[in-house]
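The values are calculated or read from the model by the stated rules, or taken from the named source; none is laboratory data. Every value quoted in this text rests on a predicted model; they were computed, and no experiment measured them. Don't worry about glycine lacking a Cβ; one is built from the backbone with ideal geometry, like all the others, and counts go over all protein chains shown.
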Amino acid sequence: MFTVDCQTHLFPQDYAEVLCLNKGWLRAEKNDSGYTIRYGDIQNFNLNIESYDPGNKIEEMDTNGVDVSILSTNMPGPELLDENLAMEGAQVCNDYIAKLVSDNPKRFAGIATVPLGHPVYMMEEYKRAIHKLGLRGIMLFSNINGQPVDSAFMEDLYTHAEKDEIPLVIHPTVPIWGDVLREYQMIPMFGLMVDTSIAMLRLILSGVLERHPKLLIVHPHCGGVLPYLMPRVEEQTEVKKRGRENIKRPPGEYYRNVYLDMTSPSIPAMEYAYHSSKPDRLLFGSDHPWIKIDVMKQHILSMNIPDENKALILGENARKLFRLN
């Protein structure tokens, strides 16, 4: 089966060096094995550049029967950088991915990173990345340096992405409320999934998807917690009439047109997402190099669903969404 990995990451060393120059909340510094990324005093992550080696990624793809990987730069995004660094950070990431795609056009396609918190820079880099570099999507982090994804300054991006048929791929970042999860490493195990779910629900309830009905959105990790909670959301909006000011239909009707990537360590969770969505709105993703490709692919193949729908999830939906040849 034609297979496309829709969530697979790289990290340019030049971008890590830009992060080291930042003076704001996000800080980075070199250590013996690579870099330490600090989100204030809430969360630290260690970054090993070697684990993101593109040659190793192609080897893993070959071993596990992945035809194309949709590359994106991992968090943190440039929206967390000081204003004088945000554009440089985005361009470093996009140039790096565009070069890899140019060198490996049959194996790679790319998702762009733009300075989301800086509206002028955001649209300037959007146009360069999409129309000049030929990247196939835009990373939409789950909060924009603490601001919600439905903030007014994001409207230009949604308008252009809808017109250009460019997918916006939600990706977690450290939540601004992360201080309540700082102990026990609860941010990566729980907080990231909740933050993407909050972002997705805000896109629905704020009316972004009402105003932009053809906007293409990818919600990762089987939708975080939102598929499970959608019945409660709809009971609140449709029975109690709460939060319906900006929408005309039940929230689930908007959500079933959103794409879910199926990156999860649980086959039952994947099957729940499958039954909560539609077969033509599901995508295979591995989250490589954080997770082994073979683990995620085997989960898809083990799902109790028709083989033709496995083929849609593994590659055919992504071929259409990202306009792959």
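Is there a residue in the stretch 217-228 that is closer than 19 Å to Leu260 by Cα, in a loop (DSSP other than H, G, I, E, B) and in contact (Cβ under 8 Å) with a residue 60 or more places away in the chain? Looking through the stretch 217-228, at least one residue is closer than 19 Å to Leu260 by Cα, in a loop (DSSP other than H, G, I, E, B) and in contact (Cβ under 8 Å) with a residue 60 or more places away in the chain. If you go through the stretch 10-41 and keep only what is touching a helix residue (DSSP H, G or I) at 6+ places or on another chain (Cβ under 9 Å), free of Cβ contacts under 8 Å to residues at least 24 places away in the same chain and not in a loop (DSSP other than H, G, I, E, B), you end up with Glu17, Arg27, Ala28, Glu29, Lys30, Gly34, Tyr35.
Condition check ((1) in a helix (DSSP H, G or I); (2) in contact (Cβ under 8 Å) with a residue 24 or more places away in the chain; (3) among the small types (Gly, Ala, Ser)) across all residues:
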| site | (1), (2), (3) |
| --- | --- |
| Met230 | yes, yes, no |
| Glu235 | yes, no, no |
| Arg242 | no, no, no |
| Tyr274 | yes, yes, no |
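Applying the criterion of being hydroxyl-bearing (Ser, Thr, Tyr) and touching a Cys at 6+ places or on another chain (Cβ under 9 Å) to the residues of the stretch 1-39, the residue that is surrounded by the fewest Cβ atoms within 10 Å (Cβ to Cβ) is Tyr35.
Screening Ser142 against (1) crowded, with 24+ Cβ neighbours inside 10 Å; (2) touching a His at 6+ places or on another chain (Cβ under 9 Å); (3) in contact (Cβ under 8 Å) with a residue 60 or more places away in the chain leaves a single unmet condition, (3).
Residues checked against (1) at pLDDT below 95; (2) charged (D, E, K, R); (3) buried (at least 23 other Cβ atoms within 10 Å of the Cβ); (4) out of contact with any helix residue (DSSP H, G or I) (no Cβ under 7 Å at 6 or more places or on another chain):
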| residue | (1), (2), (3), (4) |
| --- | --- |
| Asp103 | no, yes, no, yes |
| Leu116 | no, no, yes, no |
| Met122 | no, no, yes, no |
| Ala129 | no, no, yes, no |
| Asp150 | no, yes, no, no |
| Phe153 | no, no, no, no |
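Tallying residues that are in a loop (DSSP other than H, G, I, E, B), of a type outside the set (A, V, I, L, M), out of contact with any strand residue (DSSP E or B) (no Cβ under 6 Å at 6 or more places or on another chain) and more than 15 Å from Ile58 (Cβ to Cβ) within the stretch 74-112 yields 1. Here Met186 meets the list (1) over 14 Å from the mean Cα position of the chain (by Cα); (2) part of a strand (DSSP E or B) almost entirely, failing just condition (2). With the condition kept exactly as written, say whether any residue in the stretch 277-296 is in contact (Cβ under 8 Å) with a residue 60 or more places away in the chain, part of a helix (DSSP H, G or I) and surrounded by fewer than 16 Cβ atoms within 10 Å (Cβ to Cβ). So far as the stretch 277-296 goes, yes, one or more of its residues are in contact (Cβ under 8 Å) with a residue 60 or more places away in the chain, part of a helix (DSSP H, G or I) and surrounded by fewer than 16 Cβ atoms within 10 Å (Cβ to Cβ).
Within the stretch 297-325, track down each residue that is farther than 30 Å from Glu50 by Cβ, in a helix (DSSP H, G or I) and either of a type in the set (A, V, I, L, M) or at pLDDT below 95 (or both). Outline the logic, then answer.
Taking the stretch 297-325 first, the residues farther than 30 Å from Glu50 by Cβ are 302-313, 316-317, 319-321, 323, 325.
Pick out the ones that are also in a helix (DSSP H, G or I) and you get 302, 307-313, 316-317, 319-321.
Hits for the stretch 297-325 are Ala311, Leu312, Ile313, Leu321.
Each row is one residue, and each column tells you yes or no for (1) within 16 Å of the chain's Cα centre (by Cα); (2) β-branched (Val, Ile, Thr); (3) within 23 Å of Asp287 (Cα to Cα).
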| position | (1), (2), (3) |
| --- | --- |
| Asp156 | no, no, no |
| Thr159 | no, yes, no |
| Pro172 | yes, no, yes |
| Val180 | no, yes, no |
| Ile204 | no, yes, no |
| His212 | no, no, no |
| Leu226 | yes, no, yes |
